[in-house]
1. If you check Lys139 against the conditions, is it in contact with a strand residue (DSSP E or B) (Cβ under 9 Å, 6 or more places away or on another chain), surrounded by fewer than 21 Cβ atoms within 10 Å (Cβ to Cβ) and not in a loop (DSSP other than H, G, I, E, B)?
2. Return the only residue of Arg193, Arg111, Arg100, Arg157 being closer than 23 Å to Phe66 by Cβ and assigned to a loop (DSSP other than H, G, I, E, B).
3. Quick check on the stretch 165-175. Is at least one of its residues part of a helix (DSSP H, G or I), within 24 Å of Gln60 (Cα to Cα) and within 11 Å of the chain's Cα centre (by Cα)?
4. Can you name the residue in the stretch 70-88 that is open to solvent by 40 Å² or more (accessible area, probe 1.4 Å) and part of a loop (DSSP other than H, G, I, E, B) and, of all such residues, is farthest from Pro183 (Cα to Cα)?
5. Name the residue, out of Ala127, Ala121, Ala27, Ala62, that is under 19 Å from Met195 (Cα atoms) and in a loop (DSSP other than H, G, I, E, B).
6. Restricted to the stretch 89-115, and to residues that are among the aliphatic types (A, V, I, L, M) and more than 16 Å from Ile76 (Cα to Cα), which residue is surrounded by the fewest Cβ atoms within 10 Å (Cβ to Cβ)?
7. Checking Asp181 against (1) in a strand (DSSP E or B); (2) closer than 12 Å to Thr37 by Cα, which test does it fail?
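The values are calculated or read from the model by the stated rules, or taken from the named source; none is laboratory data. Keep in mind the model is a prediction, meaning the values are calculated, not measured. Every residue, glycine among them, receives a Cβ derived from its backbone with ideal geometry; neighbour counts consider all protein chains shown. Accessible surface areas use protein heavy atoms only, side chains included; no ligands, DNA or RNA. Shrake-Rupley method; radii C 1.70, N 1.55, O 1.52, S 1.80 Å.
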Amino acid sequence: MTPLTALAFLVLFQTVAGTQPQPPTPAPGNPTVLISTSLGDITVELYKDRAPVSVENFLQYANDGFYPGTIFHRVISGFMIQGGGFTADMVEKPTRPPIRNEATNGLNNVRGTLAMARTEALRSATAQFFINVADNRIKLDHHGYSPEDFGYAVFGRVLSGLEVCDRIAAVKTRRNGPHEDVPVEPVVIKAVRVMP
């Protein structure tokens, strides 16, 4: 390799190395939360500016120490991972009353976003949340005001640890009583900590 070729290679290497994607930064005023799981850490930004009710609700559960010891109890590869409500022995924890459904906030259920989990009742979300591991806009976004079209409220996004979400989404699952898609080995939420 000639000195000129070596120099060109070094410049190219530095250019490529210097343009590696950086983790996205949260918008000013939006809280950042670290979700530590038995399969790794996930850092999320909460959209306080776009989903204030959902964010305040999630932060209150986090600050109350509600989430440690809960699991990702519903895991569907190519769709989403849901957690924050059941213990490892599939006992649902008692919660505060349901919150308003903010699915009309214009945010989309795309890969890497957090949304409030709920039952078929529109205003039934409490502590449980899910992380989209695929683009689920057609299935889960707000498309109208009928119960089947109202959608699920996005309230945050993954800043780092999306590979952890994918790892969780890939675990082996089974039916457990009335619950489907339950990981065979529990994926435990060890901590949910608001970052300074």
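1. Against the criterion (in contact with a strand residue (DSSP E or B) (Cβ under 9 Å, 6 or more places away or on another chain), surrounded by fewer than 21 Cβ atoms within 10 Å (Cβ to Cβ) and not in a loop (DSSP other than H, G, I, E, B)), Lys139 does not qualify.
2. Arg100
3. Within the stretch 165-175 (the criterion being part of a helix (DSSP H, G or I), within 24 Å of Gln60 (Cα to Cα) and within 11 Å of the chain's Cα centre (by Cα)), the answer is yes, since at least one residue qualifies.
4. Looking at residues that are open to solvent by 40 Å² or more (accessible area, probe 1.4 Å) and part of a loop (DSSP other than H, G, I, E, B), I get Gly78.
5. After applying the criteria, what remains is Ala27.
6. Val91
7. Status for Asp181: all satisfied but (2).
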